[in-house]
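To start, the structure itself, in structure tokens.
Every number here is computed from the coordinates shown, using simple stated rules; none is lab data. Since this is a predicted model, take the numbers as computed values, not measurements. For neighbour counting, all protein chains shown are included, and Cβ atoms are generated from backbone atoms with ideal geometry for every residue, glycine included.
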């Protein structure tokens, strides 16, 4: 009976594959599905991260952006290579929620320490291709989330931020507090421009440049969640109500959006190529003129996107109605 059921499910998946034109890949197994919550995906949606950063089609890193702390273990960081996800459990019970890659053999991840939640401790870990290094940061704010965003320029330069806008810079040896937004703000992410400049995204869009706060702009409804930089006069931000903003070096201008859902992540490959994912399952692609919805996965909250080419992107997120995360490759011809 079990064999017949499995055979029927396989036949169903094959029929669906004829009807659809996009492919999904998870943990090294490529399949075509009608819905991300269907049985045919379950076989490849084992424990994987929901926040990822890929350096190539076959190599990436991820974290599980969730408050899970059990028996002092914490949450692992995941490395995708050789066709599957490999969890790496670090010591100290760390809870990691943000990740930034600098080439194939260098990754930074940020979060907090589970056993020290009440002590407002931020944690940044780094793997340089040979060994792991952990930096602990004492946060002067009432937050249990630690460091919520990190963006590296190079292995020896980068930026990190806390929930309430405490800004830290890495000089190749240590992380140091640079400044803090002196207002009641909440930050969702950070994007590095150079070792002297970065942008914070949250209930506003804030520029920090050469040791001082520069321009600030109104964020999208429900806040800004992700920024992607092509160059200093070509940047993008996404946020609530399907809002897409483009920066031309002077002002942020709202763009036409094909959806009203909260847009959670954007990754621009060039001025005429980019990807966006949303919290209701939409995948958007930019063709140099318009943003178009090219895939839709009902039942998924998509958290991050890493563009590989104009036709491929890794996306990751979590299920709405059941526990677990998923990461897969979207292909659009």
Shape call for the stretch 189-333 from the C-alpha gyration tensor, a ≥ b ≥ c root eigenvalues: rounded (a/c under 1.5), prolate (a/b greater than b/c) or oblate?
prolate
Evaluate the relative contact order of the stretch 191-299 (contact order divided by residue number), counting alpha-carbon pairs under 8 angstrom at least 6 apart; express in whole percent.
15 percent
Cα-based Rg and Dmax for the stretch 129-195, where Dmax is the largest Cα-Cα distance (Å):
12.1, 41
Equivalent-ellipsoid semi-axes of the stretch 48-191, from the Cα gyration tensor, Å, largest first:
23, 18, 13
Of 331, 256, how do they rank once you tally other Cβ atoms within 10 Å and put the fewest first?
256, 331
So how do 306-318, 164-176, 205-217 stack up, highest first, on mean other-Cβ count within 10 Å?
306-318, 164-176, 205-217
Restricting things to alpha carbons, find the Rg to Rh ratio for the stretch 234-283 using the Kirkwood radius for Rh.
0.95
Å³ per residue of the Cα convex hull, for the stretch 147-250?
88 Å³
What is the packing order of peptides 81-89, 297-305, taking the mean over residues of other C-beta atoms within 10 Å and listing the highest first?
297-305, 81-89
